[in-house]
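Below is one structure, written out as structure tokens; comments come after it.
The values are calculated or read from the model by the stated rules, or taken from the named source; none is laboratory data. The model shown is predicted, which means the values in this text are computed figures rather than measured ones. All Cβ positions, glycine included, derive from the backbone under ideal geometry; neighbour counts span all protein chains shown. Please note that ligands, DNA and RNA were not included when accessible areas were found on the heavy atoms of the full protein model with its side chains. Shrake-Rupley method; radii C 1.70, N 1.55, O 1.52, S 1.80 Å.
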Amino acid sequence: MMGLKDKIKNSEGIKKFVHWLLVPKNQARPRLWVKWFVNPFYHKKGRGATIRRRTRVDVLPWNSFELGTNSTIEDFSTINNGVGAVKIGNRTRIGLGNTIIGPVSIGDDVRLAQNVVLSGLNHNYEDISQPIHAQGVSTAKIIVEKETWIGANSVVVAGVIIGKHCIIAGGSVVTKDIPDYSVAVGNPARVVKTYNHDTGEWERAIKKDLVAV
């Protein structure tokens with residue numbers, strides 16, 4: 001027997017009507033009744049977690065949003081789960097003016113500085129008979145592993161995995177995966193240091209490893 005969610009997905013008319021009920025036409029921000037009466041019961045917010053008053057939380061019930069224990073989202077940030085789930089771990093701080101568009105998963109004890117962008121979507125553009133905004137989007141999940149620090153004004157593009165305990169220098173554009181215990185800088189970001197567990201030292205990456213893989 002087909003459930004309610006499947007019925008909505010399989011009917012273009014019902015889907016459009018439900019979308020209109022949740023989000024005003026040509027907008028990304030949900031209606032106030034969704035924010036007040038749906039999201040608090042559908043999405044998960046851990047004990048001690050804080051979302052500052054000036055944060056724009058554009059989250060809807062068709063994808064999940066989770067904020068872990070003792071984590072904070074600072075003012076002037078935007079969280080959007082319209083095309084993919086957003087999960088933020090425990091003791092993680094999302095800095096001032098960040099933009100996070102799912103699908104994105106951020107681990108425990110992560111720090112994002114100011115004006116960082118993580119976007120798990122790309123706009124389709126191939127059909128030149130239509131404007132780009134009318135062609136929909138494609139998605140690829142961003143993963144930021146635990147204990148990583150991402151510097152101010154950095155951008156992480158769709159599909160990238162940043163490993164455990166990494167440093168992404170301010171102003172970097174991360175277009176490829178970054179291995180665990182790495183320091184990456186630049187546009188496109190390249191690995192310049194890695195941690196050697198045998199010596200217990202952070203060592204300069206050899207030339208062939210400079211480009212993040």
Taking the range 175-213 and keeping residues in a loop (DSSP other than H, G, I, E, B), at pLDDT 95 or above and either out of contact with any His (no Cβ under 7 Å at 6 or more places or on another chain) or open to solvent by 90 Å² or more (accessible area, probe 1.4 Å) (or both) leaves THR175, LYS176, ASP177, PRO179, GLY186, ASN187, PRO188, ALA189
Would you say SER172 is polar (S, T, N, Q) and open to solvent by 70 Å² or more (accessible area, probe 1.4 Å)?
-> no
Okay, strands (runs of 3 or more DSSP E) sitting entirely in the range 43-145 with 3 or more residues that are open to solvent by 20 Å² or more (accessible area, probe 1.4 Å), I get 121-123, 137-139
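Here is a yes/no grid of residues against (1) more than 25 Å from ASN115 (Cβ to Cβ); (2) of a type in the set (Val, Ile, Thr):
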residue: LEU22; (1), (2): yes, no
residue: VAL34; (1), (2): yes, yes
residue: ARG54; (1), (2): no, no
residue: VAL59; (1), (2): no, yes
